[in-house]
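Scroll down for the structure; my scribbles are underneath it.
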Amino acid sequence: METEAVISVRDLTMAYGPRVIQQEVTFDVMRGDIFVIMGGSGCGKSSLLKHLLGLLNPARGQILFGDQDFTTATEPERQALRKRWGITYQSGGLISAMTVAENVALPLEQAGQHNADEIRDIVALKLALVGLDGYQGYLPAEISGGMRKRAALARAIALDPDILFFDEPSAGLDPISSRRLDDLIVQLKETTGASVVMVTHELPSIFGIANNAIYLDAGTRRMIETGDPSWMRDNSEHAVVRQFLSREATQDGACE
Amino acid sequence: MLRGDWRADAYDDLDTQLKALNAASTKITVDLSDLEQFDSTVTSLLLRLTRQTAAAGGSLILEGAPPTLERMLSLATAVPLHAPPAEKKAGLFDGTRVRNELAAIGDGFLNSLGFLGEAMIALLRSITGRGSMRARELLGASYQSGPDALGIIALTSALVGMILAYLGAAQLQQFGAEIYVADLVAIGMLREMGALMTAVVMAGRTGAAYAAQLSTMQANEEIDAIRTLGINPMEFLVAPRIIALVAMMPLLVIFADVLGIAGGALVAGSMGVTPLQYLVQLQAAVSLPHFLVGLSKALLFAVLIAIAGCRAGMTAGRNSAGVGRATTDAVVTSVVYLIIADAGVNILCQQLGF
């Protein structure tokens with residue numbers, strides 16, 4: 001595995017107005033990583049992801065993709081970077097007025113490199129990869145929650161991205177569907193060679209697929225641990241992190 | 001001593017007794033050994049008593065409490081899971097709140113202007129074919145703000161025409177001038193009520209629908225997805241909605257004018273004005289400027305409704321509560337805009353002599 005950083009976050013402070021969510025967050029995502037952003041509810045996991053995607057702007061600090069500074073990039077420069085990403089949102093983020101096929105075709109049409117026939121074939125391929133070929137004509141409201149996540153994943157991999165972002169992929173899924181989704185993510189990562197950045201607090205996902213992680217603490221509003229999740233569970237000097245990863249609640253630990 | 005059955009109805013009595021007791025003493029012993037039935041009233045009272053005595057430096061001892069009661073109390077007095085948040089200002093009229101509200105109004109106005117600017121750029125790009133607007137989005141919005149609204153517009157405008165006729169007839173009858181009902185209804189519908197009533201209905205119908213659709217998309221992260229796919233949501237979602245309403249409103253207003261005048265004819269007929277007389281009188285009364293004033297109002301109102309609806313939707317919070325707020329906001333803002341704009345246009349026409 002190469003050890004080149006695809007995403008470098010330096011000294012990032014996130015805030016909504018005067019309310020600071022997290023401060024001085026610093027980490028690197030390496031090429032080929034399955035990188036998990038974890039932490040308790042309300043610690044700023046999803047906000048951090050939105051910062052990485054450029055949907056929110058940091059109060060301070062830098063986000064670098066390769067050697068390009070995303071925080072100071074103009075919208076067209078950001079867009080050029082985003083073309084290399086696939087993103088699935090917590091609720092899927094499928095356009096509800098469009099069918100599954102139209103949703104998956106959207107990034108392809110937007111990229112403008114393929115004609116209609118090619119797009120139809122690529123859509124069929126991507127849907128087959130997530131096990132949804134044949135569902136082209138369905139609207140997002142007509143398929144189940146797990147299928148919506150898969151369809152969103154198909155859209156995310158439409159342009160063969162370098163980086164895949166997931167916001168709580170298993171939220172709202174039953175254990176089996178969520179396990180299948182995890183397996184799918186690993187398989188896709190291995191076939192496409194993409195790096196994966198995932199926000200989650202699902203322990204099976206964290207231990208099952210992540211090789212690198214950060215822990216955002218809601219109490220101190222800081223990133224307090226980074227490394228391999230299994231190592232963190234056994235060796236972290238922070239009781240909160242060990243408890244989080246071994247699903248233990250104690251009176252003082254639960255405070256944070 | 002608490003004995004026997006203790007439930008909600010015994011609360012007041014017990015509370016008074018304990019208050020009297022509490023004022024004097026710091027060490028209270030409550031004997032609960034004969035307590036048989038109890039519910040949360042007793043537990044909550046004991047919890048409050050425990051806290052009060054602890055705050056006063058005393059202690060509360062419970063003797064012979066049932067195990068369930070004891071467990072519940074110890075659970076409630078355990079370390080709170082979340083440290084209570086820093087003090088929350090409650091006063092209705094404290095200074096920071098007023099300042100914040102004023103700042104919010106200012107921000108709201110600036111945001112509206114910003115949104116208007118963005119919408120105009122998106123519109124320009126869409127009209128010149130450079131935007132990412134899709135034909136289907138435009139057709140869908142057009143259907144929704146056009147043909148779909150015909151029924152309700154027919155009903156409201158026919159009734160408004162009849163109301164105008166009744167209103168006028170009652171006055172005109174005193175002078176034996178019932179025939180002028182035709183003038184009143186025609187000019188009233190063409191210049192004023194046709195456009196205004198259609199706009200109010202469309203604000204409640206289409207403006208609110210725009211806000212609801214867009215805010216739902218906001219809550220579902222669809223708009224985030226669109227943005228990160230490199231599509232400008234202003235061009236993709238807002239522009240087709242504005243164009244659709246602006247294209248459909250004049251047609252709806254013409255439809256409303258016709259039905260309103262027809263409604264007036266019905267009422268005039270009941271006063272002894274024959275349809276033929278009504279028509280002849282109409283020809284004399286109606287002139288192009290009246291019609292054009294109404295039509296230009298229709299265009300202006302369409303822009304206002306679409307902008308208010310889309311802005312409310314696009315700036316909504318990312319949750320389901322945001323959807324409700326956005327629709328309310330859309331209707332209230334657009335109706336206020338409509339009435340202000342209508343007054344403005346009337347003053348302008350008066351000054352210019354149209």
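The values are calculated or read from the model by the stated rules, or taken from the named source; none is laboratory data. These numbers come from a predicted model, not from an experiment. Neighbour counts are summed over all protein chains in view; Cβ atoms, including those assigned to glycine, are modelled from backbone coordinates with ideal geometry.
A:Gly92 meets all of the listed conditions (1) more than 13 Å from chain B (Cβ to nearest Cβ); (2) surrounded by 20 or more Cβ atoms within 10 Å (Cβ to Cβ); (3) within 30 Å of A:Leu127 (Cα to Cα) but one, namely (1). Suppose the filter is among the β-branched types (Val, Ile, Thr), over 24 Å from B:Leu252 (Cα atoms) and touching a residue at least 60 places away in the same chain (Cβ under 8 Å); does B:Thr327 pass it? Criteria not met by B:Thr327.
Only one of the numbered conditions (1) in contact (Cβ under 8 Å) with a residue 12 or more places away in the chain; (2) surrounded by fewer than 20 Cβ atoms within 10 Å (Cβ to Cβ) is not met by A:Thr72, and that is (1).
Residues that are surrounded by 11 or more Cβ atoms within 10 Å (Cβ to Cβ) and modelled with pLDDT under 85 within the stretch B:108-126 comprise B:Gly108, B:Asn111, B:Ser112, listed in sequence order.
Being of a type in the set (Ser, Thr, Tyr), more than 23 Å from A:Gly61 (Cβ to Cβ) and crowded, with 19+ Cβ neighbours inside 10 Å is the filter here; which residues of the stretch A:202-243 pass it?
Passing the criteria: A:Ser205, A:Ser236.
Every condition in (1) within 14 Å of chain B (Cβ to nearest Cβ); (2) in a loop (DSSP other than H, G, I, E, B); (3) of a type in the set (Gly, Ala, Ser) holds for A:Ala101 except the one numbered (2). Residue count for the stretch A:58-94 satisfying the condition of being in a strand (DSSP E or B) and among the hydrophobic types (A, V, I, L, M, F, W, C): 5. Of all residues in the stretch B:225-254, those that are of a type in the set (Gly, Ala, Ser) and touching a strand residue (DSSP E or B) at 6+ places or on another chain (Cβ under 9 Å) total 1. The conditions of being surrounded by 24 or more Cβ atoms within 10 Å (Cβ to Cβ) and more than 27 Å from the chain's Cα centre (by Cα) are not met by B:Ala239. Comparison of B:Val246, B:Val185, B:Val181, B:Val160 shows that the only residue that is under 26 Å from B:Met314 (Cβ atoms), more than 14 Å from every other protein chain (Cβ to nearest Cβ) and assigned to a helix (DSSP H, G or I) is B:Val246. From the list B:Arg205, B:Arg227, the one residue that fits, being basic (Lys, Arg) and away from chain A (no Cβ under 14 Å), is B:Arg205. Which of the residues belonging to the stretch A:37-69 are in contact (Cβ under 8 Å) with a residue 40 or more places away in the chain and touching a helix residue (DSSP H, G or I) at 6+ places or on another chain (Cβ under 8 Å)? The answer is A:Ile37, A:Met38, A:Gly39, A:Gly40, A:Leu53, A:Leu56, A:Pro58, A:Ile63, A:Phe65. Residues in the stretch B:111-138 that are in contact (Cβ under 8 Å) with a residue 60 or more places away in the chain, hydrophobic (A, V, I, L, M, F, W, C) and either in a helix (DSSP H, G or I) or more than 14 Å from chain A (Cβ to nearest Cβ) (or both): B:Phe115, B:Leu116, B:Ala119, B:Ile121, B:Ala122, B:Leu123, B:Ile127, B:Leu138. Applying the criterion of at least 3 residues that are at pLDDT 85 or above and more than 14 Å from every other protein chain (Cβ to nearest Cβ) to the helices (runs of 4 or more DSSP H) found wholly in the stretch A:190-256 leaves A:203-209, A:229-235, A:239-246.
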